[in-house]
Each structure stands twice: as C-alpha cells, then as structure tokens.
Amino acid sequence: MKLGLVGIGKIALDQHVPAITDSADWELAATVSRNGSVEGVSAFDDLQLMLDTRPDIRVVSLCLPPVPRFAYAMQALEAGRHVMLEKPPGATLAESHALLAKAHEKGVSIYATWHSRQADMVAAAKTWLSDKTLESLHITWKEDVRRWHPGQAWIWEPGGLGVFDPGINALSILTEILPHDIHVSAATLEVPENCQTPIAAQISFEHPQGAKVSADFDWRQEGPQTWSIEAKTPDGTLILSDGGAKLELDGVQIGTASALAGEYPRLYAQMARLVGQGGVDMDLRPMTLVCDAFTLGRRLTVAPFLP
Ligand code: NAP
C-alpha cells in the first residue's frame with residue numbers, strides 16, 4: 001500500500017521511515033513537510049496538494065506535534081484517506097473524538113498509535129498480571145529532556161504536554177497491562193516559571209480493588225534514564241523496564257530487547273491489518289488520564305527551564 005508521511009521531523013526520520021522502508025506492506029510514496037524530505041521520495045509541502053494529485057495514496061501517517069496535527073488529520077479524513085496518528089491522538093480529547101467520528105462518517109480506518117504498547121515485553125506483562133491481585137504499582141519515568149527533545153519548543157507550549165509527552169507512553173502501557181480501569185485521584189504538576197507545561201509530575205490513581213497506584217515523571221534526569229513499572233502482588237513482583245523492553249518476574253529477567261526495538265514495525269503491521277479489515281483502533285484511555293491529571297493537578301512553579 002502506498003503511504004504519505006506527514007511532518008518529517010525527529011520521530012519520522014528516527015522510526016517511521018525505517019519501519020516503512022523495511023515493511024513488505026508499505027511503500028513510502030510521498031512526504032509532506034514544510035522543511036523536511038526523504039531522499040528519493042516525492043516531496044510535497046502542502047497536504048491538500050498531495051491529496052488532490054495523488055489519489056493512489058490511500059493512507060496518511062501523521063508525525064506532527066499534537067497541536068498542528070488535528071487540522072492535517074481532518075483534511076486527510078475529509079479526503080477519504082485512512083489515517084495513522086502519532087501519540088497523543090490529539091491535543092485534546094474532544095479533537096480525538098472528532099477525528100474518530102469523521103473516520104466513521106467517511107468509512108475509513110483511523111489508528112491512534114501507542115508505540116510503547118508495542119514494546120517487547122508488554123504483552124507478557126499483561127498476561128502475567130491478568131490473574132493476579134494487584135497490591136501496588138509504581139511508574140518511574142525519568143529522562144533528560146535536553147537529550148530526547150533537543151531544540152523542540154512545542155513541548156513547552158499549551159498542548160505540548162511537557163513531561164506527559166513521554167509520560168503518556170507509560171500510561172499507555174499501564175492501561176494496556178492492567179485488567180481493571182483506573183482513574184486519576186490526585187496530581188502535582190511542577191511547571192518551570194518560563195514554561196506552560198510541566199517538567200515533572202507525581203500522580204496517584206484510584207484502583208477499583210484498592211491497590212496503591214502511582215506515577216513519578218521527571219524530565220530533569222541526567223545520566224541513566226529510567227522508564228520502569230513495578231507491580232507488587234501476593235504472587236510476586238513484576239518489573240517492566242527500558243520502556244517495556246525488559247521484564248523481571250521475582251528477580252528472573254525475561255527479554256533482551258533494547259528500548260524502542262520493534263515498536264514502529266509493529267505499529268505499521270497493525271495499520272496494515274486495520275486498513276485490510278476496515279478497522280478502527282482509537283483507545284483514548286491514556287489521553288484521558290493525562291487530561292484528568294491536568295484538571296486535578298496542583299500546580300507548583302519551579303526553576304525556569306534553560307535549554
Ligand atoms: P518534531 O521533530 O519537533 O516535529 C515533527 C515535524 O512536524 C517537524 O519536523 C515539522 O516539519 C512539523 N511541524 C512542527 N510544528 C508544526 C506546525 N506548527 N505546523 C506544521 N508542521 C509542524 O517532533 P517529533 O519529536 O518528531 O514529535 C512528533 C510527534 O511524535 C509528537 O506527537 C511526539 O509525541 C511523537 N513522538 C516523538 C518521539 C521522539 O522521540 N521525538 C517518540 C515517539 C513519539 P516541517 O517544519 O518540515 O513541516
């Protein structure tokens with residue numbers, strides 16, 4: 001299937017282009033970007049022009065930041081194209097619902113991707129937890145924003161999510177592996193005095209069986225980076241680390257993949273399945289948790305962020 005890739009920036013070049021190129025399902029037929037391009041691929045700087053002149057391209061994958069992405073997604077859906085969305089699926093929940101409704105109206109597929117759910121050991125963690133009684137679960141998602149988002153201003157602007165940009169990856173795993181739905185009960189958001197979005201956040205969740213569930217996100221961690229989830233049950237302790245690539249069950253290590261390995265090829269395989277079956281995959285639970293943390297969060301002003 002021919003695919004148009006929109007927003008040729010960091011994630012498009014790091015992950016999407018290699019995953020598409022290596023896939024037997026997809027051909028990268030065009031790019032749309034104001035500045036970026038991919039060597040040897042037809043390049044547009046206007047999405048409408050691509051939609052009008054390339055009816056053979058039935059699928060559009062959008063790698064823009066969340067705020068500008070909505071207008072592009074609507075344009076593609078209006079033109080009857082299947083749409084794949086980078087995470088988060090919108091800058092707001094209402095946007096995400098509007099995109100889903102438009103996809104239904106047009107009879108096309110839409111896929112709200114959550115790349116971290118495709119990490120190597122997430123499915124195994126879900127299976128292990130499925131018949132356990134959860135006592136507690138803690139997420140530690142601590143990374144260096146300067147290392148992972150060099151020069152990106154949008155992450156500090158309204159709709160950019162701040163530390164929830166990586167944090168939502170943890171929440172996408174959490175909502176996937178837990179057999180019960182949870183919701184936010186309290187949050188603290190640490191916002192640099194020169195920014196609109198948090199650089200750190202602590203969140204507590206309500207669990208239907210009373211388990212203590214919490215998360216600690218921080219973008220100020222230099223040195224080793226931590227993306228881990230620890231779950232305690234009467235039958236043992238689970239530690240999912242490296243963003244879901246590694247799993248430890250009662251001290252026994254399972255899985256040797258490195259962080260991010262295989263995630264984007266699996267996303268594109270799922271998109272191929274959805275288009276083939278006329279399916280829709282739009283789980284908004286991670287986004288709901290983020291929105292609720294912003295709604296309930298107590299805001300603390302902290303030292304300015306100096307890039
Ligand atoms: P990015 O490099 O800053 O932006 C991607 C591209 O979007 C830019 O190159 C730019 O292309 C286009 N763009 C930016 N602002 C725009 C605007 N106002 N209007 C139109 N186009 C605009 O961002 P990224 O890191 O790739 O992240 C993009 C999305 O992927 C985010 O939702 C992020 O959460 C997700 N993601 C990122 C990572 C990561 O490691 N960076 C990992 C997983 C997921 P042109 O200027 O050429 O048009």
- [ ] Just give me the residues in the range 55-87 being surrounded by fewer than 16 Cβ atoms within 10 Å (Cβ to Cβ) and either within 11 Å of the ligand (Cβ to nearest atom) or within 12 Å of G4 (Cα to Cα) (or both), in sequence order.
- [x] P55, D56, P68, A71
Open item on the list: Could you go through the range 268-280 and let me know if any residue there is outside any helix (DSSP H, G or I), within 18 Å of the chain's Cα centre (by Cα) and among the aromatic types (F, W, Y).
Closed with: no
TODO: Specify the residue that is nearest to the ligand (Cβ to nearest atom); the eligible residues are those in the range 156-201 that are outside any loop (DSSP other than H, G, I, E, B) and charged (D, E, K, R).
DONE: D165
Open item on the list: Against the condition in contact (Cβ under 8 Å) with a residue 40 or more places away in the chain, open to solvent by less than 60 Å² (accessible area, probe 1.4 Å) and over 30 Å from T295 (Cα atoms), how does V41 come out, does it pass?
Closed with: no
Task: Of all residues in the range 1-37 being within 21 Å of G151 (Cα to Cα) and assigned to a loop (DSSP other than H, G, I, E, B), the one that is most open to solvent (accessible area, probe 1.4 Å) - done: R34
Task: Total residues in the range 96-155, condition aromatic (F, W, Y) and within 11 Å of the ligand (Cβ to nearest atom) - done: 3
Open item on the list: Can you go through I229, I239 and tell me which one is part of a strand (DSSP E or B), open to solvent by less than 30 Å² (accessible area, probe 1.4 Å) and not assigned by TED's automatic domain parsing to the domain that holds A91?
Closed with: I229
Task: helices (runs of 4 or more DSSP H) wholly inside the range 40-147 that include at least 2 residues being within 29 Å of P158 (Cα to Cα) - done: 47-53, 66-78, 93-106
- [ ] For the range 286-307, name all the residues that are open to solvent by less than 80 Å² (accessible area, probe 1.4 Å) and of a type in the set (S, T, Y).
- [x] T288
Task: Residues of the range 17-45 classified as of a type in the set (D, E, K, R) and away from the ligand (no atom under 12 Å from the Cβ), total - done: 4
Task: Out of H207, H138, H180, sole residue that is open to solvent by 50 Å² or more (accessible area, probe 1.4 Å) and touching a residue at least 60 places away in the same chain (Cβ under 8 Å) - done: H138
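Give the residues of the range 141-150 that are more than 26 Å from A211 (Cα to Cα) and crowded, with 19+ Cβ neighbours inside 10 Å, sorted by residue number.
E143, V145, H149, listed by residue number.
The values are calculated or read from the model by the stated rules, or taken from the named source; none is laboratory data. Bear in mind that the values here come from a model prediction, so they are computed numbers and not experimental data. All Cβ positions, glycine included, derive from the backbone under ideal geometry; neighbour counts span all protein chains shown. In case anyone asks, the SASA skips ligands and DNA or RNA and just uses the protein heavy atoms, side chains included. Shrake-Rupley method; radii C 1.70, N 1.55, O 1.52, S 1.80 Å.
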